[in-house]
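No value in this document is a laboratory result; all are computed from the given coordinates. All figures in this text were calculated on a predicted structure; none of them were measured in a lab. Here the Cβ is made from the backbone with ideal geometry for all residues, glycine too, and neighbour counts use every protein chain on show.
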């Protein structure tokens, strides 16, 4: 079983609200609240040790929720890991605990090393894929690169983790790609955070059985009350 596997409840931001997309489709959006700060504090009160925040507007270069992300980092009382439009260390300087470079990492691998060395342990790389092909800019464009190739290209001590999302499963509650994550764990020594597909406690138990998986991001299942954060933490602890 993975030691100290972390739960990352997700807060996806669009126009200042908490939303979830189905398979990354911006036309299939469900709004879960107008007060992301209250949501983050609720996750903390329930026992979560992190929140994973995605700025969907910034990810597709259509606006930004940067001020809100900073407010979450400074006032929610819980460490924030955030991605979506990140291209520098300004969020880290403002109190965010860890940033996730997505499109910027694919476009400019040198930026990953530069920021990772400047902010040790605080720079992760987000690789969002559909059937192994990595997508960029809000999952709307193809990078024309394969997941395993990018893992090998970008890995190193300067990468705190790879946050790997299976877009086809995201928001669908159909279960994570356990075999795919097992293959990734064999391919790299960089910690892996799984994202996409978790809908039941059994899905979490399956992930917890993967030796070396650092954590899992859960969104829709929590908002739909499929299980509680306490239940999830228990499942991840075996």
Classify the stretch 6-236 as rounded, prolate or oblate from the Cα gyration tensor: take a ≥ b ≥ c as the square roots of its eigenvalues, call it rounded if a/c is under 1.5, otherwise prolate when a/b beats b/c and oblate if not. rounded
Counting only helical runs of four or more DSSP H residues, what would the 222 nm mean residue ellipticity of the chain come to if each run contributes -39,500 (n - 2.57) and the total is spread over all its residues? -9000 deg cm²/dmol
Relative contact order (percent, whole number), the stretch 41-194, Cα cutoff 8 Å, 6+ residue spacing: 17
Label point distance in nm, residue 45-residue 178, each placed 7 Å from Cα along Cα→Cβ: 3.5
